[in-house]
Amino acid sequence: MNAQESKLAPRTIRPLNGFLPISHHVTMPNSVLQGYLMLVVTINFAFLFLKGYSQDLGYWQDWVRQLSTGGYDGFNGNYPPVYIHWLFLVGKFYNLTAIPLEHNDLLKFLTQLPVVASHCSLTVIIFRQLQKARANPLAQQMVMILTVFNPAILVNGPIWGQIDLVPAVMVYCSLVAASSWRYAYLAIPLFALALLTKFQSIAFAPVFGFLFFTKIRQHIIGILISLALGVLIFLPSIIAGHFWQSVRQAYIDTLGQYPMTTFNAANIWILLTGNTVPDNVILFGVQGDTIWARIFMAKHFGMLLFSCVSLLVFAHGIYFLIKNKIYIASNQLLSYSLFSASICALAFFALLPAMHERYLFPAAIMALGFCASARQKIFYPALISMACALNMLIILEINGSDIWVGLSWLTLGLLIVALIDQLSNHQFLSKAARGLKHLYRIPLFGLWFFILASSVMLLYFFDRYHLHQIQLSEQQVLLTDLPLNYARQDHGAMAINRSFDGNKLSIANRRYAQGIGTHSRSDIQYQLPESAKTFSFKAALDDEVGTADVKFSVWGDGKLLWESPAIYGYERNIPTQYIDVTGIKLLNLKVDPLKDDKWDHANWVNTIIELEAKQ
């Protein structure tokens, strides 16, 4: 080999610190999918702890209460039945565990479980589409990262607390089924299931209109299956005699619920009229007494624009089928359908009046699917997802203190990993990745991880939110059942079995059924029976405040019996105190501020008087 040939010969590139050069002919192995599923479950559950949208979470709370007490009979909720069935099961969980139904993280976790499962399903579908499309590894990784860490999905679901991902994934699955010969008969039933979950899925009707002509026989079978599926889904309401009311609430009454051009949605109406303007305004200076007034009324003009786009999508779909004549490759049909669905979802949000900030969301999912199947144009899902997330974040108030704990663990974890990686000459992460690959070989590892993580979360929330009840013996009475001589405090009034703000008593992330909620400075006096022997209790600041500074003390007949150290609210190991009260007639519980008393919400919980055994 001469010198010139040596220069032209390909060089062998050596891996650097365990990283391999990119190959454009290798697809991601199946084991990588398990890692992505672990990330999906972990990040969804982590973001649950951020402050959600109170109004929507309030709907879930009200509907779960209705379903847990009265079932489907007389249920008053404006959602289609599929998700209502899930809320019915959530209500049964509360009945079974006797946990109080409240607006908290437990309710958000239970209502978001279908969303997390849908995010996992979407990740699997996108991964398979990328493998089938055989895109280069870098492009595959970019699409998978956008799928796992998609801002629209994370803001809409675990942060906000909504379920828009569930019907969007159903529509995506129906388009995948429609593009195949084997499962085409499932396309219409899956689309019907999406409509039975969220009526906004009707935006994709033009796409299914032209897809019907690809496999007419299979889709006719699908229509028959859909009719049977609809009866099955509505069966509980039919049995309860509530069918027509549930249909009216979900599909008719909601149409005029927000008679505005736009309700916080960044679309054409922000440009033409501004936010929350009545949808009966006349556009472009048209006089109200002319024949054109009805057409250029905002409500009708928006519907006309969307109808034109829908007709265009349908007509172009028919043209696409005719142009390709007999045979259309499955992936080609899927890519075309997903892009058409993206246009429909964009037009639905951008042109129709009465849109909400969340209604751009389905467009992000369809664009993501298009990118995975077509191997191009990642800017569509990236920009749509960002626009959707930003539109929701304008409305959503995220409380920064909600993420302090998580960010603290993340910061410390990154520091520890970086130090270990440095000391191991950058071999630690490579070895950890090889160790994880052994776990990924476990059949259905992603599913088992989802079940395990859900169980851990459920156990945590159960311990956090169920009420710790007191089991009294014959020689025990509650202090709060004894005669109260007086209760004085600088702010508000003493509360029995409630915190100062009226919530369940909660200290160190545990809730208690019995106790006293007060505010410093306070002095509470009870009269003890002659047989009183021991007083036991726990004393701490309530979790409804962040940090404060108080000191608790117990006095008997004017003498100090016990005094706590300074309590700041971060204490987690709250011991039960036992005080000898033999011969004491008057027992005083006092809370004193150490500095500012602004947040001094103090609790005395599990206050028990032990009596001497009867002779």
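Rounded to the nearest whole Hz, the Karplus-based 3J(HN,Hα) values (6.51 cos²θ - 1.76 cosθ + 1.60, θ = phi - 60°) of the range 598-612 follow the sequence 4, 10, 7, 8, 9, 10, 10, 10, 6, 7, 10, 9, 8, 9, 5, with x at glycine and proline.
Taking the Cβ of residue 375 as the center, what net charge do the other residues with Cβ under 15 Å away carry, scoring Lys and Arg +1 and Asp and Glu -1? Intermediate values should be presented prior to the final figure.
Details: positive: 128, 132, 134, 377; negative: none.
Charge balance in the 15 Å sphere: +4.
Among the listed pairs 533/559; 377/431; 215/323; 323/377, those with a Cα-Cα distance over 28 Å are 377/431. For the range 73-175, chymotrypsin sites (Phe, Trp or Tyr not before Pro) are listed when DSSP marks them as loop and at most 16 other Cβ atoms sit within 10 Å of their Cβ; the list is 149.
As a check on your grasp of the helix formula, calculate [θ] at 222 nm for the chain: sum -39500 (n - 2.57) over DSSP H runs of n ≥ 4, divide by the residue count, round to the nearest 500.
Working: 20 runs with 300 residues, N = 615.
Mean residue ellipticity at 222 nm (helix-derived): -16000 deg cm²/dmol.
For the range 108-220, build the convex hull from the C-alpha positions and give me its volume per residue in Å³. It would help to have the intermediate numbers written out before the result.
Values: hull volume 12.2 nm³, N = 113.
Spread over its residues, the Cα hull of the range 108-220 gives 108 Å³ apiece.
Relative to the longest principal axis of the Cα atoms of the chain, the long axis of helix 165-178 makes an angle of roughly 30 degrees. Gain on full extension, evaluated as 0.36 nm per residue between residue 183 and residue 393 minus their Cα-Cα distance, stands at 71.8 nm.
The charge dipole of the range 30-400, taken about the Cα centre with unit charges on the Cβ atoms of Lys, Arg (+1) and Asp, Glu (-1), comes to about 1340 debye, rounded to the nearest 20.
Sequentially through the range 119-127, phi angles give Karplus couplings (6.51, -1.76, 1.60; θ = phi - 60°) of 5, 5, 4, 4, 4, 5, 5, 4, 4 Hz, Gly and Pro residues having no value and appearing as x.
If you stretched the chain out fully between residue 412 and residue 138, how much longer would it get, using 0.36 nm times the residue separation minus the C-alpha to C-alpha distance? Write out the running numbers ahead of the final one.
Values: separation 274, 0.36 × 274 = 98.64 nm, distance 2.96 nm.
Contour length minus Cα-Cα distance gives 95.7 nm.
Summing charges over all other residues whose Cβ lies under 15 Å from the Cβ of residue 31, with Lys and Arg as +1 and Asp and Glu as -1, gives +4. Relative to the longest principal axis of the Cα atoms of the chain, the long axis of helix 137-148 lies at roughly 40 degrees. Largest first, the three principal axis extents of the alpha carbons in the range 468-611 are 39, 31, 25 Å in whole numbers.
Mind ranking 409-416, 485-492, 370-377, 433-440 by how tightly packed they are, going by the mean number of other C-beta atoms within 10 angstrom, highest first? All intermediate terms of the calculation are to be shown ahead of the outcome.
Numbers: 409-416: 10.4, 485-492: 13.9, 370-377: 21.9, 433-440: 12.4.
Per-residue mean Cβ counts within 10 Å order the peptides as 370-377, 485-492, 433-440, 409-416.
Relative contact order for the chain: what is it in percent, counting Cα pairs under 8 Å that are at least 6 residues apart?
On the way: 997 pairs, mean separation 81.2, N = 615.
It comes to 13 percent, rounded to a whole number.
Its residues counted as N, the chain yields a C-alpha radius of gyration over 2.2 N^0.38 Å of 1.22.
Using the structure shown, select from 92/504; 198/299; 538/595; 551/598 the pairs with a Cα to Cα distance greater than 18 angstrom. Walk me through the numbers on the way to the answer.
Values: 92/504 21 Å; 198/299 22 Å; 538/595 22 Å; 551/598 14 Å.
The answer is 92/504; 198/299; 538/595.
For helix 30-47, what angle does its Cα long axis make with the longest principal axis of the chain, in degrees from 0 to 90 and rounded to 10? The answer is roughly 50 degrees.
Taking the Cα centre of the range 468-611 as origin, sum charge times position over the Cβ atoms of Lys and Arg (+1) and Asp and Glu (-1), and report the length of that vector in debye to the nearest 20. Please report the intermediate quantities before stating the final value.
Working: 15 positive and 19 negative charges, 23 e Å.
So the dipole magnitude of the range 468-611 works out to roughly 120 debye.
Placing unit charges on the Cβ atoms of the charged side chains and taking the dipole of the chain about its Cα centre, the candidate lying farthest along the positive direction among 207, 218, 338 is 218.
No lab work stands behind these numbers, since they all come straight from the coordinates. Values in this document were obtained by computation on a predicted structure and should not be read as measured data. Every residue, glycine as well, gets a Cβ built from its backbone with ideal geometry; the counts of neighbours run over all protein chains shown.
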